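Just below is one structure, and these are the notes that go with it.
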Amino acid sequence: MKFLKISILACLTLAFSTTLNAQSNIKSYDFKKGEILDILLLTTKPEGNALFKKYRETAFPVAIKRSYKPLPGFKITETTQGNIQPTSFLFGKWNDLQNREAFIAEIETFVPDFHKQRRDIWSIFNLVYYEMPQDTSFKINKDKFIVATAYWKKNSKAFQEFKKGWMQKAKSKGGKSVLELTNGKSPVGYYYNPDYMVITQWENKAAFEVFYNENLKMNHKAVQHVNQFVIN
């Protein structure tokens, strides 16, 4: 009987541990209407990690007073389309547009070398932020194959047709839209403002590549530029 109890306890412990591990790979994000979602694409210089301590101690307190909250982010494991190869895909959150933009306007008053610090730490620092038009929640499962795609358009009407076809093709190949974003803003010096950004989830790399190969064959006359990253 004692051995049976120990065995049951061990099984329950293993099951609980497995559940926790599975849950830890699912990142949840919740935004109320009017809150701001930051998306940052970064590449850290070799010497950047050593310099980050000063940045964290000087810039972060100002941002936090303005309501900034860092959120779980991701590594970029591959650039599949586009001309930049950042290594990090990060999220942040602000209470509202006023606080987000006030931070940029006032930061040099408190940290005069703020922009220089960023240049010294990161070789790529691209930023776009979005004001949530409604309450928005989404989850990213790191056990799946996750892709972030950003498009710049040439012609609005033609691009809407392209986007519609893109989403239909993605869905037909097993892709799931996790988050779609439009109407972003970028501060001067960090400009990165695609007309449309979408994060999609795929069962595995093979499933995505079936879609990817067909996507490349689509008519891209309405597209000015594209970046696409695998994130994990």
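See the values below:
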item: Subset of the stretch 170-192 (residues that are modelled with pLDDT under 95 and among the hydrophobic types (A, V, I, L, M, F, W, C)); result: V188
item: Residue selected from the stretch 103-162 under the condition touching a Gly at 6+ places or on another chain (Cβ under 8 Å) and part of a helix (DSSP H, G or I), by the criterion surrounded by the most Cβ atoms within 10 Å (Cβ to Cβ); result: I121
item: Positions within the stretch 118-151 being over 26 Å from Q98 (Cβ atoms) and not hydrophobic (A, V, I, L, M, F, W, C), in sequence order; result: R119, D120, S123, K139, N141, K142, D143, K144, T149, Y151
item: Qualifying positions in the stretch 37-89 - within 25 Å of P133 (Cβ to Cβ) and within 14 Å of the chain's Cα centre (by Cα); result: L37, D38, I39, L40, L41, P70, L71, P72, G73, F74, F89
item: Test: residue in the stretch 179-194 that is open to solvent by 50 Å² or more (accessible area, probe 1.4 Å), in contact (Cβ under 8 Å) with a residue 12 or more places away in the chain and of a type in the set (G, A, S); result: yes
item: Number of the condition not met by A170 [criteria: (1) farther than 24 Å from S28 by Cα; (2) in a helix (DSSP H, G or I)]; result: (1)
item: Selection status of D38, open to solvent by 20 Å² or more (accessible area, probe 1.4 Å) and at pLDDT 95 or above; result: no
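The values are calculated or read from the model by the stated rules, or taken from the named source; none is laboratory data. On a predicted model such as this, the values are computed, not experimentally measured, just so you know. Quick reminder, even Gly has a Cβ in these numbers, built from the backbone with ideal geometry, and neighbours come from all protein chains shown. Heads up: the accessible areas ignore ligands, DNA and RNA and are worked out on the full protein's heavy atoms, side chains in. Shrake-Rupley method; radii C 1.70, N 1.55, O 1.52, S 1.80 Å.
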